[in-house]
Structure formats: structure tokens, C-alpha cells
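Okay, so here's the structure we're looking at.
The values are calculated or read from the model by the stated rules, or taken from the named source; none is laboratory data. Since this is a predicted model, take the numbers as computed values, not measurements. When we count neighbours, we look across all protein chains shown, and the Cβ atoms used for this are built from the backbone with ideal geometry, even at glycine.
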Amino acid sequence: MPGSMHFLDGGSEMGKALRAYDWGASVLGPLDAWPPSLKIVVGMMLNSTFPKCIAWGPELITIHNDAFLPILGDKPPALGRPFHEVWSEAWEEIGPIAARALAGEATFIEDFPLVVDRHGYPEQAYFTFCYSPIRDEGGVVRGFMDTVIETTGSVEARRQASLLNAELEHRIKNTLAVVSAIVSQTLRATDSDAEARSALQERIQAMAQAQSLLTRASTAEANITDIVHGTIAPFKLSEERFRISGPPVMLSSKQALTLSLALHELSTNAVKYGALSNATGVVRVDWHVGRPNSEDEFRLTWIEAGGPPVVAPTRRGFGSRIIEVVLPHDFAGEAEFIADPSGIRYELRTRMSNIGERDLQSSG
């Protein structure tokens, strides 16, 4: 008998488990009575570092190697149990594949999706595997070899990469559309090349600031607090001149970009003509929010005070379009711009259900 056990040599943990298992009480019978064909494939399997499992006989009794243990996870020990019992939760999907192997047909399937219970709960997993028929000395199929590798990590990584690529494409298209609009509107609204160059640099820098915040967040959203503080930072002469308040709330990438442009336009106007053009004026930026994804109101206000008397603009340029048309459109709300003699007042209103990544249509 000792000589007949050499096929278990090199099997490490599972080799020892096979020796210790009471095969005499199993339908397979004692180890020394196993057919040569079974001993040969078991020996090859035990010495393989690739996850492998044998399903043998009418009951498809399970025999596997060490490398197969991670595939099983925290399942009860599979050794000596029917293969269809070990994978009962997925048998509806893999049973027909096993039947084909028992009929003599080898199969190879990549990234096969299965819901399996390996850690006390159902989980979506993916496997690339091959079921190969095993024949006895007379050429009759007696079982099959399952050679398998789990690909859940790579499948999820490819899916995530695909989503990121789609988001990148979406952002690039939106960014180029906004840049095109900025260039077109700025050139029409300025009287000299120098003025156009300066305005373009400032506006594109505001865009870059918003894009930087979105990129650092590694998501399709950005916090309104970061957008507000980041945009007005170049204009913040002192803490007393800007008074900002409001709770954190996540904006979609489009909303963040457009809000950054709008705040840049309001800040530029305040420095040139409004509350920040003298030594005493102040700007208050507030936003109020309700329950997420509800019909509660979201309201953002920009109020200037202490500056020179306001003169209503005589023409509507790019800045006016961003503030009065594009921003409310991207927030699916409405806006009001008031050139009150005591100071500029601006208010944006929408519903909380419109805040965040909602894939709102671009204004073009």
C-alpha cells in the first residue's frame, strides 16, 4: 500500500488531507483501490500550482488541490462532497456546462459571471475556467477536471476603466464646448486684442481651477465649498471683504464648472466696478440647502454692499450669459440679477433634486 500512495506526493496541504480522509466510507472507496486513471490525474492536479478540481464518478465527488482553496473561500470543506452540492447556489448556471463535460465535450469560458456564497453572503464573481473530460482506461468519461482562475478583480477594473474613460470623454467634450463659447463671446465683447487676451486668460484660468478641484476629487462631483473658495481666492483682498457661508453639498462636474465661471465673472465685475473697487465694500456669498434629492429649495446668493453706486450695464456680454442663462440652466433652476444702486444682487434658485450628477443637458 505505501507504494501505491506516491501519487499523493507533493500535494502539500491537500495531499495530507487526501491521506487523512476516510475514503473507505466514500463511494470512491479506499485510495489503493482507485483506478489508475484517477490516481494519475489526482497526482498531476496536486502538483499543479494552478487552481484545479476533479469531479469524479456519478456523484461527482470533489477532489481539489491547494490552489483551489481561495476559490472556495469560507465554504465548508469540499473534499469528498458532490461537486453540485459544493456549488449548489450556482448549479443552475454551471450544471449544463458540467453535463457537456461528462458527455465528452471540453469547454473554455472567459469571465463567466456567477453569484456565489463563499463568505456567508451572495456575491457577484467572475471566473475563467475549463471543464475537461477525464476518461478511464477503457475510454469512458468518468468525471471532469475544473481548471479555473477567478477574474473578478480584472473584470471590475476593466469596467471601472471604461466608466472613467466615458467620464473623461464627457468632460473633455464639455470643456471644449465651454472654451469655444468663451473665446467666441469674449472676442465679440472686447474692443482690443490686449483686452481680449487678458479676459481669455482670466476666464480659462477660472475653468482650470474648477477642473483641478474635480480631478483631485477623483469623482464626477465637487464640493460647492471648494468651488466657491477656490474661485474667489485670487480676488480675496482680505477676510473682511468676502463673507462666505453655507454647508457642504456636492455639485455635478458641469454645475461646478459653470458656477466657477459665474463666480469669476461676478468677482471680476466687483473688482472693476463694484464693492471690491474701493477700500470699504464687501461681498457676501451664501447658500442654503434642504434635504438631498428632495423638492426642498437650494438657494445661492451674491450680495455686494459698500461699493460705489451701481450703474446698470448697457450691454450683455459673455459674463451676463453665464450668470443669467447658462448657470440656471445647468442647475435646472432660475436666476435673478439686480443692478441695485446700493450694490449688485444675484440669486440662483433650484430644487435639491437637481443638485449633483444628474446628467443635465448642456446649454450648448
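Here is how the numbers come out for the structure above:
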item	result
The range 305-340: number of residues that are in a loop (DSSP other than H, G, I, E, B) and at pLDDT 90 or above	7
Hey, I61 of a type in the set (V, I, T), touching a Phe, Trp or Tyr at 6+ places or on another chain (Cβ under 8 Å) and closer than 27 Å to Y121 by Cα or not	yes
Sole exception among (1) in contact with a helix residue (DSSP H, G or I) (Cβ under 7 Å, 6 or more places away or on another chain); (2) surrounded by fewer than 18 Cβ atoms within 10 Å (Cβ to Cβ) for L60, by number	(2)
Scope the range 249-281; condition assigned to a helix (DSSP H, G or I), touching a helix residue (DSSP H, G or I) at 6+ places or on another chain (Cβ under 8 Å) and hydrophobic (A, V, I, L, M, F, W, C); matching residues	A256, L257, L259, L261, A262, L263, L266, A270, V271, L276
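For every residue, the table says whether it meets (1) under 30 Å from D74 (Cα atoms); (2) assigned by TED's automatic domain parsing to the domain that holds P76; (3) of a type in the set (A, V, I, L, M, F, W, C); (4) at pLDDT below 80.
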| position | (1), (2), (3), (4) |
| --- | --- |
| R118 | yes, yes, no, no |
| P122 | yes, yes, no, no |
| F129 | yes, yes, yes, no |
| S162 | no, no, no, yes |
| K173 | no, no, no, yes |
| Q185 | no, no, no, yes |
| E195 | no, no, no, yes |
| L200 | no, no, yes, yes |
| I204 | no, no, yes, yes |
